[in-house]
Amino acid sequence: MNTQPKHIAIIMDGNGRWAKKRLMPRTVGHARGAANVRHIVKTAHAMGVRYLTLFAFSSENWRRPPEEVSALMGLFLQYLASEVAEMRAAGIRLRVIGDRSAFAPLLQSRIDQAEHDTADNDGLHLTIAANYGGQWDVLTAVRAWQAAHPERSLQELDPAGLATHLSTAELPDPELLIRTGGESRISNFLLWQTAYTELYFTDVHWPDFDDAALNKAVQWYAQRVRRFGRTDEQVLQPYSAEHHPSTALVIEKDIKIG
Ligand code: IPE
Ligand code: IPE
Ligand code: MG
């Protein structure tokens, strides 16, 4: 049995289909989705989850109709305006990852302000991925590493070195990734960071993803055997480590995958 995940990442998908099923515009689905973000953040915090990372807008979502994109930007602004004071008081630290330079100046400054206002908090670490792409993150990290070490060759770059330049450098990798909305793909979310993450796919659309649905995902996670490349026997018989030090008990901090 695994203990409760410290870091849960969620691809919040299915807002549009949630609305369509009810003969409503897609933007209504997004508004309901935003309301559910408020709810799930509170629930995760109350459960004692330390890190929650939510995929809100991908680098590919600019391809959507302009009205839908601007409705999403409006919801993001509204979310920041209505939630940050409460987050600050509740001990939630907000980070936004992704290329924010593409956002309107007002949204950029509200994001900066929200991060600043909650920077001293150490309760739940809430990370919103907006204009985020996993490929962008890895490429940006490689370039940043090179810029930070102009005297070194790229041949010297290793996984740990790269990870320190990812947008998630301050966060542990997620143990559990949930995708709502019925699709079984990553859609350019945390590509590097999910190397050994347990992937949970559910048909529930994001606006309907409630406490019971979150609990079900966490229960599912608890049953997974995490081998990190080792065999079942190595993982399930930790005492063998005494006799064979090379088959040490799987300790997460001990795996830096690359
Ligand atoms: C997820 O819901 C929200 C965003 C991608 C911004 P969708 O809008 O993708 O909903 P579906 O997949 O069309 O149902
Ligand atoms: C992934 O959902 C991005 C977010 C949830 C923000 P999409 O709806 O954009 O994914 P695809 O296009 O179906 O892969
Ligand atoms: Mg979708």
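The values are calculated or read from the model by the stated rules, or taken from the named source; none is laboratory data. Just so we're clear, the structure is a prediction, and the values are computed from it rather than from any experiment. Using ideal geometry, Cβ is built from the backbone for each residue, glycine included, and neighbour counts are taken over all protein chains shown.
Worth pointing out:
- Apart from one condition, residue 86 fits all of (1) closer than 16 Å to residue 117 by Cα; (2) touching a residue at least 40 places away in the same chain (Cβ under 8 Å); the exception is (2).
- Beta carbons closer than 7 Å, at least 6 apart along the sequence or on distinct chains, pair a first residue in the stretch 202-214 that is of a type in the set (Asp, Glu) and modelled with pLDDT of 95 or more with a second that is within 12 Å of ligand 1 (Cβ to nearest atom) and in a loop (DSSP other than H, G, I, E, B) for 203/182.
- Any chance residue 180 is under 30 Å from residue 42 (Cα atoms), of a type in the set (Ser, Thr, Tyr) and in the same structural domain as residue 13 (by TED's automatic domain parsing): yes
- Test: residue 33 is at pLDDT 95 or above, within 13 Å of ligand 2 (Cβ to nearest atom) and touching a Phe, Trp or Tyr at 6+ places or on another chain (Cβ under 6 Å): yes
- Out of 58, 101, 109, 70, sole residue that is of a type in the set (Ser, Thr, Tyr), within 16 Å of ligand 1 (Cβ to nearest atom) and without any contact (Cβ under 8 Å) to a residue 12 or more places away in the chain: 70
- From 153, 101, 184, residue being within 16 Å of ligand 2 (Cβ to nearest atom) and either in contact with a helix residue (DSSP H, G or I) (Cβ under 7 Å, 6 or more places away or on another chain) or at pLDDT 95 or above (or both): 184
- When 81, 31 are screened for being within 14 Å of ligand 1 (Cβ to nearest atom), without any contact (Cβ under 8 Å) to a residue 60 or more places away in the chain, of a type in the set (A, V, I, L, M, F, W, C) and on the phi < 0 side of the Ramachandran plot, only 31 passes.
- Boolean, residue 111 is in contact with a strand residue (DSSP E or B) (Cβ under 6 Å, 6 or more places away or on another chain), farther than 25 Å from residue 197 by Cβ and in the same structural domain as residue 206 (by TED's automatic domain parsing): yes
- Among the residues of the stretch 37-73, those identified as farther than 18 Å from residue 136 by Cβ and of a type in the set (Val, Ile, Thr) are 37, 40, 41, 43, 49.
- Given (1) within 25 Å of residue 197 (Cβ to Cβ); (2) surrounded by fewer than 17 Cβ atoms within 10 Å (Cβ to Cβ); (3) within 16 Å of ligand 2 (Cβ to nearest atom), number of the condition residue 39 does not satisfy: (3)
- On the stretch given as the stretch 116-172, residues that are of a type in the set (D, E, K, R) and closer than 25 Å to residue 58 by Cβ total 3.
- Scanning the stretch 8-24 for residues that are free of Cβ contacts under 8 Å to residues at least 24 places away in the same chain and near ligand 2 (Cβ under 9 Å from one of its atoms) returns a single hit, 16.
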